[in-house]
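First comes the structure, then the notes that go with it.
What follows draws every value from the coordinates through simple rules; no lab data is involved. Computed from a predicted model, the values in this text were never measured in an experiment. Glycine gets a Cβ as well: all are built from the backbone with ideal geometry, and neighbour counts include every protein chain shown.
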Ligand SMILES: Nc1ncnc2c1ncn2[C@@H]1O[C@H](COP(=O)(O)OP(=O)(O)O)[C@@H](O)[C@H]1O
Ligand SMILES: [Mg+2]
């Protein structure tokens, strides 16, 4: 009675608590038994008075209730899910004198079940979205590439330029959307390196000042120093922007609006896993964006991470912002926690695993000469992309051979009458894919410079070890200048002897 984790209780005939064990104090959030004794089960504790009516009815007619699920509100006002079993106490005439029984607290387990269900749902949506986005990315790659190529070919005073700009802008907008989808499905190209979250927050904050109504106060509350996190800086920046723009959209009256961006570090233990299934023990850096806007009800909260879920009007919301935030956090082995109630604002906390590595700032890219005369093998199964590579590279003086899959590339590479200074390689191809080709080449002890071009970053993991020679990654869709830059950088690097 004293030490069990379950609530043991007895009530009088009116339904008022007359006896409780210590576990009841914890479940109902109070310190002393006197706070609970005398409280009416139905009126003071149950959320739904009907639950009490039904239990009372069963006790009267059947003498007992078994494992009935009920919602209660504890003395701190928090809702909890309990399971109750009770037996009637009767006097000799058979009148109900009261009842006693057990209540088991299932709040945590319910929360976990719910999260588990949500996680599975998100997983299947991610699979679908990732597939569509990948195909789209290839299509847009062709459009974007050819538009910028045409612009290069046209004399600078041609009246056709505005049309090409329109095509380019449209394709770029599409590419931004697919990039968000890919980030959500965790297939996006993200080059993770150690970054200081606070620095990225400050940069985003500057940008936000110009996009958010000045009347809204945006406060920074950054803990220093913080450990770094291993993330893609551009994606991190988007996460912050997405959360802050959502906060802005949730504020009806800018004059009263407040947004706070905070960072801090926390160490989670095994016990925290009970609160969130993705919370592995360890050190985390937390990004917290809170607002005093309209908040969300339970129904909305359950769906906010789904891609294309939006409550904003047509043309206003894409419903991709939080999907992207979710995907990026998950990709980095972190997670997102949302606290929100209608009318009470919202708080989004993104947990990123802390890293012990130092931040290394990316060096400025030199934009030197982008031409050359070396010979390049382009391997890609999409004819338009292949031809785009050829057109651009030949335009800049290079000699180009094409192969439509790894098999064809292998044949060209083993033909002694060809010699290639660089291989431009797609990853996903029929017959023989990019990775398989690299494996074959490494078995033959070949030395190559390789430029991997793919829309998927997870395809690019652990490739460095396969190749003896310089390697670089080009994310599809790409701009012509990016391609030329990387090609030149690679060709300037020596091959191992
Ligand atoms: N800070 C917030 N306050 C209230 N509701 C929010 C907040 N952030 C997100 N939401 C809800 O989540 C939905 C999805 O957000 P998001 O994925 O960014 O898409 P979008 O902003 O395009 O609607 C929003 O439409 C809104 O209903
Ligand atoms: Mg949004």
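Which part of segment 247-286 falls in the paramagnetic zone of residue 123, meaning amide N under 15 Å from the point 7 Å along Cα-to-beta-carbon? Answer for segment 247-286: 277-279.
Between residue 303 and residue 447, the modelled label-to-label distance comes to 6.0 nm, taking each label 7 Å out from Cα in the direction of the beta carbon.
Given a Förster distance of 56 Å, report the FRET efficiency between residue 245 and residue 95 from their Cβ-Cβ distance, rounded to the nearest 0.05.
Numbers: r = 64 Å, r/R0 = 1.15.
In this case the efficiency is close to 0.30.
Would you please state which residues of segment 293-330 a label at residue 256 would reach in this model, taking the label point 7 Å out along Cα→Cβ and a backbone N cut-off of under 13 Å? 293-295, by backbone N distance to the label point.
Placing dummy labels 7 Å off each Cα toward the beta-carbon, the span from residue 165 to residue 215 is 3.4 nm. With bins 5 Å wide beginning at 0, the percent of Cα pairs of segment 193-355 falling in each bin runs 2, 9, 18, 22, 21, 16, 8, 3, 0. The order of 339, 74, 253, going from fewest to most other C-beta atoms within 10 Å of their C-beta, is 253, 339, 74. When you restrict to C-alpha pairs under 8 Å that are six or more residues apart and normalise by the size of segment 7-105, the relative contact order lands at 29 percent.
Using Cα pairs under 8 angstrom and six or more residues apart, how large is the relative contact order of segment 193-355, in percent?
Numbers: 316 pairs, mean separation 40.1, N = 163.
Result for segment 193-355 is 25 percent.
In the chain, Cα pairs under 8 Å separated by at least six residues give a relative contact order of 11 percent. Diffusion coefficient of segment 375-492 by Stokes-Einstein, Kirkwood radius over Cα pairs, 10 °C, 1.306 mPa s: 113 µm²/s. Full extension of the chain between residue 76 and residue 411 yields a length gain of 113.3 nm, computed as 0.36 nm times the residue separation minus the alpha carbon distance. Once the convex hull of all Cα atoms in segment 7-105 is built, its volume per residue stands at 78 Å³.
So what's the back-of-envelope 222 nm ellipticity for the chain, counting only DSSP H runs of four-plus at -39500 (n - 2.57) apiece and dividing by all residues, rounded to 500? Value at 222 nm, helices only, nearest 500: -12000 deg cm²/dmol.
Tell me, in nm to one decimal, what length is gained between residue 173 and residue 19 on full extension, where the rule is 0.36 nm per residue of separation less the Cα-Cα distance?
Details: separation 154, 0.36 × 154 = 55.44 nm, distance 6.58 nm.
Contour length minus Cα-Cα distance gives 48.9 nm.
A Stokes-Einstein calculation at 25 °C with viscosity 0.890 mPa s, built on the Kirkwood radius of segment 111-184 over Cα pairs, returns a diffusion coefficient of 170 µm²/s.
With only alpha-carbon atoms in the gyration tensor, what are the semi-axes of the equivalent ellipsoid for the chain, in Å, largest first?
60, 25, 21
Given the peptides 91-98, 110-117, arrange them by the average over their residues of other C-beta atoms within 10 Å, most packed first.
Numbers: 91-98: 11.0, 110-117: 13.0.
Packing order, densest peptide first, comes out as 110-117, 91-98.
Convex hull volume per residue, computed on the Cα atoms of segment 186-250, equals 96 Å³. Subtracting the Cα-Cα distance of residue 357 and residue 265 from their residue separation scaled by 0.36 nm leaves 31.6 nm.
The residue 199 and residue 223 beta-carbon pair, evaluated with R₀ = 22 Å, returns a calculated FRET efficiency of approximately 0.95.
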